[in-house]
Amino acid sequence: PIASDRLYVVPVSTQGQRVGRIVLVRAPNGPRFTAADDRLLSAVAAQLGLALERVRLRREATEAEILRRTDELKSALLSAVSHDLRTPLATISAAAESLLQEDVAWSPEDRTAFAREIASEAQRLGRLVDNLLDLSRIEGGRLRPQKAWHDLSGLVEEALNRLKPITARHRVTVEIPDDLPPLLLDYVEIAQVLSNLIENAAKYTPSGTEIAIRGSRADGEVVVEVADRGPGLPPEALERVFERFYRLDGQGVQSGGTGLGLAVAKGLVEAHGGRIWAENRPDGGARFVFTL
């Protein structure tokens, strides 16, 4: 410590390096600094040094964990991109090359079928890219919903229009009360949540079964439900199903995917201050529910 008639300075050190100091100035008529003050301030400086060292170690551990998760995410994304993006790209390429064959007289029906296939797979690619971008924003803490007042019925209608090629083999029902109030939300993000839940229901349930979309009010919240009549979820999957890159076996129905859709839906709902969960229906099938 450095002491003078009115000034008292105690250095704060960590790992042998000075990182700060405690400076006290005695009031003009105040008591002089004593040996007891010296011991007390030295102890305070030592504790501050230890606290700063703990902060440094915690920061380094956090940075190491972020790097580990980033590397894990990159590896998983590379796996998803190499596998799940290759299939629609191959379909689009094959259909486009067929249309470009000048030695084949394609009928108008054939050309329309090729064009529809290209459009459908391009939309699938778009959904995959949207999920990848959303997951990147969620993981990086850069998700900032741009909220405005919107009608849930309009959101559901738009999501279903975009997913017509996917839900074409299912019976889709919608039950949303006319008196449901407008919701303060990010239209694009919640539309993505609905799209991911509906696509998930169509992917893991047999053709011809029902997908039911419902909205209701409960305890000051709006509850949105996407329910299906598929095989349901095994008990161990009820909690893990929202983990990124977690995939569930199709159990004899259409399956596949990146394992991103439900993880993205969870991140988007929680960014709005809501909750999301999965449960099995007592009479068969699964139900995915989120609140706003």
So, by mean Cβ neighbours within 10 angstrom, what's the order for 120-130, 177-187, 263-273 with the highest one leading? 263-273, 120-130, 177-187
Return, for the Cα atoms of the range 150-292, the radius of gyration and Dmax in Å, separated by a comma. 14.1, 40
Once you treat every alpha carbon in the range 197-240 as an equal point and sum by Debye, what is log10 I(q)/I(0) at q = 0.26 Å⁻¹? -0.95
What figure in square angstrom, to the nearest 10, would you give for the accessible area of Arg59 with a 1.4 Å probe? 120
Can you give the accessible area of Phe114 in Å² (nearest 10), computed on protein heavy atoms with a 1.4 Å probe? 40
Given a 1.4 Å probe and heavy atoms of the protein chains only, how would you sort Glu239, Glu60, largest accessible area at the top? Glu239, Glu60
Apply the a/c threshold of 1.5 to the C-alpha gyration tensor of the chain and tell me whether it is rounded, prolate or oblate. prolate
Is it possible to state the helix-based mean residue ellipticity at 222 nm for the chain, with each DSSP H run of 4+ residues giving -39500 (n - 2.57), the sum divided by total residues, to the nearest 500 deg cm²/dmol? What is it? -16500 deg cm²/dmol
Equivalent-ellipsoid semi-axes (√(5λ), Cα gyration tensor) for the range 4-57, whole Å, largest first? 25, 10, 8
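Going from most exposed to least, what order do Ser136, Ser98 have by accessible area with a 1.4 Å probe? Before the final figure, lay out the partial values.
Numbers: Ser136 50, Ser98 25 Å².
Accessible-area ranking of Ser136, Ser98, largest first: Ser136, Ser98.
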Tell me, what is the FRET efficiency for Ala51 and His150 to the nearest 0.05, using R0 = 35 angstrom and their Cβ-Cβ distance as r? 0.15
Mind checking which aspartates and glutamates have their C-alpha under 17 Å from Lys164, skipping anything on the same chain fewer than 8 residues away? Glu117, Glu121, Glu199, Glu210, Asp228
Net charge (Lys, Arg +1; Asp, Glu -1) of residues whose beta-carbon lies under 9 Å from that of Phe288, Phe288 excluded, is -2
Quick one: what are the phi-derived ³J(HN,Hα) couplings along the range 48-65, Karplus 6.51/-1.76/1.60 with θ = phi - 60°, whole Hz, x for glycine and proline? 4, x, 5, 5, 5, 5, 5, 4, 4, 5, 5, 5, 5, 5, 5, 4, 5, 5
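Please give the per residue accessible area of the chain, computed with a probe of 1.4 Å over protein heavy atoms only, in Å². Walk me through the numbers on the way to the answer.
Values: 16820 Å² over 292 residues.
That works out to 58 Å² per residue.
The values are calculated or read from the model by the stated rules, or taken from the named source; none is laboratory data. Keep in mind the model is a prediction, meaning the values are calculated, not measured. Neighbour counts run over all protein chains shown; Cβ positions are idealised from the backbone, glycine included. In case anyone asks, the SASA skips ligands and DNA or RNA and just uses the protein heavy atoms, side chains included. Shrake-Rupley method; radii C 1.70, N 1.55, O 1.52, S 1.80 Å.
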